[in-house]
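J.: One structure, as C-alpha cells, below. Some questions next.
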Amino acid sequence: MNKKWVIKEKGDPAVVRQLADVEKISGTIANLMVQRGITTSEEAKVFFEPNLEYLHDPFMMKGMTIAVERISTAINKNEKILVYGDYDVDGTTAVALVYSFLREQYSNVEYYIPDRYKEGYGVSDMGIDFAQEMNCKLMITLDCGIKAVKKVKNARSKGIDVIICDHHYPGDEIPDAVAVLDPKQTGCSYPYKELSGCGVGFKLIQAYAKVHTIPFSDITGYLDLVAVSIASDIVPVTGENRVLAYFGMKQLNEAPRTGLREIIREAEVNRTLTIEDVVFKIGPRINAAGRMESGRKAVELLVSNDTRKATGISKEINNFNIERRSVDRSITTQAMRMISEDQRRLNAKTTVLYNPSWKKGVIGIVASRLIETYYRPTVILTESNGFATGSARSVQGYDLYQAIEACSDLLESFGGHMFAAGLTLKKENITPFIERFEQYVRETISEDQLVPRVFIDSELSFSEITVDFYGFLNMFQPFGPENMSPVFVSRNVYDTGKGRMVGSSGEHLKLDLCHESTGSLSFPAIAFGLAEHYDDIKTGKPFDVCYSIEMNEFRGKRNLQLNIRDIKPTGKSAENHAS
C-alpha cells in the first residue's frame, strides 16, 4: 500500500539550540524534545524523571468524595460489594485492581464480568440480577457505565447502589448513580482527561487509601495492572498516564503479580518488557479469554497468588489466543474475498460487511486487519441475540464516532470514540445503515485521509546512529500515542547485498543497509510486510527509508537494528510537512 510520508515541523531553531547547549545533547535529540513540548530544563526533568509525586489529587475528580464515603459505609455495614467490569484488557485489569484492593480491606466482595456473547458490552440486566441474587448492596462499575442510564435505574429499583468508574465520553444524560467518576464528564475539574478505565479505578483506591491512612506505598504494587491497561487501551502516554505507565512498567519488569508473571512466561518475552510488548504479546492474551470464552477467566488469573493455578490458567488463555488467531485469519480471508469480488465495495469510501456466522469476539481485530489493505472507515457486523452487532475502526484523522452518530436513528445502541466504536442494530436496518454510513463518510472524508501516513520526526544520517544516541532515544520511553517511538528518514541508502526475504511466506525483508557517505558503516534492518520492494533493492539502486531504531537481542548478543516503516525509491519520497 502506498503511504504518504509526513515530516513533522522542526522545533524553533533558537529553542532547540539553547536546549542542546544547556542539556549537552545533540541537536537531533533536542529537536525531538521541543517537538514534544519540552523546551526548558524544568520540563525536561518532569518528562525524563517521572515521579509519583506528580500524580494529581484524586479528590479533584468529580464524585470522588461521595464514592469513597459510600464504599466506607458499605464496609462498615458489612454490605456485599460487586466489582463489575468490561471483558477487555482495560476492564479486566480494572476489576482485578479494585477487587484485589478491597479484598485486602474487607472479605465481603465479589466480581462480575459480562459474557460478550450473551450480555454484550457494559452493564447488563443479567449482571444486575446476579448482584441481586448475591445480595449485593453496592456495585462498582469499571471501564463501563457512563451511558447505562436505564441499567442504573434498574439496579436502584432493586436496592443496589451504583458507583460508575469510566473514561468514555458520556451521553446527553448521566446515569442516576450514587457517584460517577469520569474525567470526561461535564463539570469535572480533574486536570488529566485521558486516564484508562483501570486508571480511574486506581484513582478510586488512591482516594480510599488517603482517607483511611493506608500508605501510598501499599497501592503502588497495582501499577503493573494500570500499565497493561494504558498500553492495551491505546490511550495517550502523556501527563499522568506517562507517570503511571513508567512506574507500572517498572513493576511489570521487576516484580509483576503472579498472573502477569505467568503470562509473560507464556509469551516467551525474555528481556525487558516495553509498552509495545504489552500491546502485541501480553494484552492479546488477556483479551483472548473474553473473545473466545469468558473475561472472568482473565480476572481469575490476574487476582491469583497461587503460582500453580496461575500457570494453568495462563496456558489455557494462551490456547485461547492461538485459537483466536486462527479464527480471525479465517474471517479476514472471507471478508477480503467479499470486497475483492464486489466492484461496488471496491469503489466505496467505507467497508461495512455482515456475516451472521462470524465470531463476535474477533470482529474488531478483523476490522483493523482490513484497514491495512483497504484504508478506510470499516465496520464488521455479525449476529448476536437476534441483532446485528459490530465493531468499527477508523483511519488517521477521521472522526468515526461522528459518522456513526449520524446514523443513530438506525441503531439500537452505540458507543466509543474517534477511532473505534461498537454498535448494535436491527438486522433489517443493515442495508439502510450501509447506505447512510457510506454517504456520510463520502461527504465528510478527504482524499488525503484515505491515504495512510507515516509521521517522521526528522532526517538522520547513519553517522549519528550510535549506542549513546540510542540511549538518549530510550529515555523517551514509555512510548505510546502522542509520544510514539521516534521515526527517522535517511536517503540514498543501499543494501550491502545481504538482503533477503524472510517469514513463513517471504513477506518480510532482512536487510543490511549502508550509505556511501559513511563508508563501511552498515546497520542490520528488518522490514515487516515490505517484501514487494525486494526486486528493486537487489538491483543495487539507492532508495529512501523511514525507520525507528531498536536494540536487537539474540543469543546474548545486542546490536542496533533499524525497524523499517516504509521504503521508497530515491527521488519519489516527496513528503508533506505536518504543522
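Read the figures in this text as sums done on the coordinates, not as results from a lab. Keep in mind that this is a model prediction, so the values were computed, not measured. All Cβ positions, glycine included, derive from the backbone under ideal geometry; neighbour counts span all protein chains shown.
J.: If I take R0 = 25 Å and measure r between the Cβ atoms of ARG442 and ASP399 in this structure, what FRET efficiency does the formula 1/(1 + (r/R0)^6) give, to the nearest 0.05?
T.: Numbers: r = 15 Å, r/R0 = 0.59.
Between ARG442 and ASP399 the formula returns 0.95.
J.: Structure shown: which of LYS281/LYS360; LYS77/LYS158; LYS150/LYS203; LYS77/LYS118; LYS118/LYS309 lie over 23 Å apart, alpha-carbon to alpha-carbon? If you can, show how the numbers build up before the last one.
T.: Details: LYS281/LYS360 21 Å; LYS77/LYS158 18 Å; LYS150/LYS203 26 Å; LYS77/LYS118 34 Å; LYS118/LYS309 27 Å.
Beyond 23 Å between Cα atoms: LYS150/LYS203; LYS77/LYS118; LYS118/LYS309.
J.: For ARG453, what residues show an amide H to amide H distance below 5 Å, using hydrogens built from the backbone and excluding near sequence neighbours?
T.: LYS4
J.: Round to the nearest 0.05 the FRET efficiency obtained for LEU450 and GLU341 when R0 = 22 Å and r is the Cβ-Cβ distance.
T.: Step by step, r from the Cβ atoms, then E = 0.55.
J.: Report, in debye and to the nearest 20, how large the dipole of the chain comes out about its Cα centre when Lys and Arg carry +1 and Asp and Glu carry -1 on their Cβ. Working shown, then result.
T.: On the way: 69 positive and 76 negative charges, 218 e Å.
Here the size comes out at about 1040 debye.
J.: Hey, another quick one. Students often check this: by mean Cβ neighbours within 10 Å, which of 68-78, 121-131 ranks highest, and how do the rest follow?
T.: Per-residue mean Cβ counts within 10 Å order the peptides as 121-131, 68-78.
J.: Is any residue of segment 532-570 close enough, with backbone N under 15 Å, to a label point placed 7 angstrom from the Cα of GLU516 along the Cα-Cβ axis, and if so, which?
T.: Residues 540-544, 570 fall inside that zone.
J.: On to the next question. How long are the semi-axes of the equivalent ellipsoid of segment 48-177, taking √(5λ) for every eigenvalue λ of the Cα gyration tensor, in whole Å from largest down?
T.: Working: eigenvalues 105, 67, 48 Å².
Each semi-axis is the square root of five times an eigenvalue, giving 23, 18, 16 Å.
J.: Once the convex hull of the C-alpha atoms of segment 287-359 is built, how many Å³ does it hold per residue, rounded to a whole number?
T.: Details: hull volume 6.6 nm³, N = 73.
Normalising the Cα hull of segment 287-359 by residue number yields 91 Å³.
J.: Moving to a separate point now. Skipping prolines and chain starts, which residues have an amide H placed within reach, meaning under 5 Å, of the one on TYR111, given they are 5 or more residues away or on another chain?
T.: VAL83
J.: Could you give me the radius of gyration and the Dmax of segment 277-416, taking only the C-alpha atoms into account and expressing both in angstrom?
T.: Final numbers for Rg and Dmax: 17.0, 56 Å.
J.: Expressed as a whole number of Å, what is the distance separating the alpha-carbon centroids of segment 506-551 and segment 368-400?
T.: 33 Å
J.: Distance between Cα centroids, segment 70-104 to segment 237-288: provide it in whole Å.
T.: Here the two parts' Cα centres lie 22 Å apart.
J.: Related question: Give the Rg (one decimal place) followed by the Dmax (whole number) of segment 1-58, computed from C-alpha coordinates and expressed in Å.
T.: According to the Cα coordinates of segment 1-58, Rg and Dmax are 14.8, 47 Å.
J.: Another question about this same structure. So for segment 202-348, Kirkwood radius off the Cα pairs, Stokes-Einstein at 20 °C and 1.002 mPa s: how many µm² s⁻¹?
T.: The diffusion coefficient I find is 126 µm²/s.
J.: With r as the distance between the Cβ atoms of SER461 and ILE322 and R0 = 45 Å, compute the FRET efficiency 1/(1 + (r/R0)^6) and round to 0.05. Walk me through the numbers on the way to the answer.
T.: Values: r = 43 Å, r/R0 = 0.96.
Once the sixth-power term is evaluated, E becomes 0.55.
J.: Provide Rg and Dmax in Å for the chain, with only Cα atoms included in the calculation.
T.: When restricted to the Cα atoms of the chain, Rg and Dmax are 24.8, 78 Å.
J.: If you don't mind, another one. If you take the Cα Rg of segment 100-250 and divide it by 2.2 N^0.38 Å, with N the number of residues, what do you get? Numbers along the way, then the final one.
T.: Working: Rg = 15.6 Å, N = 151, 2.2 N^0.38 = 14.8 Å.
Computed over Cα atoms of segment 100-250, the ratio equals 1.06.
J.: Distance in nm between label sites at ASN474 and LYS158, each 7 Å beyond Cα in the beta-carbon direction?
T.: 5.3 nm
J.: Per 0.36 nm of contour for each residue apart, how much would the distance between THR40 and ASP535 grow if the chain were fully extended, relative to their Cα-Cα spacing?
T.: 173.5 nm
J.: What is the sum of charges, Lys and Arg at +1 and Asp and Glu at -1, for the other residues whose Cβ falls under 15 Å from the Cβ of HIS515?
T.: Summing Lys/Arg as +1 and Asp/Glu as -1 gives -4.
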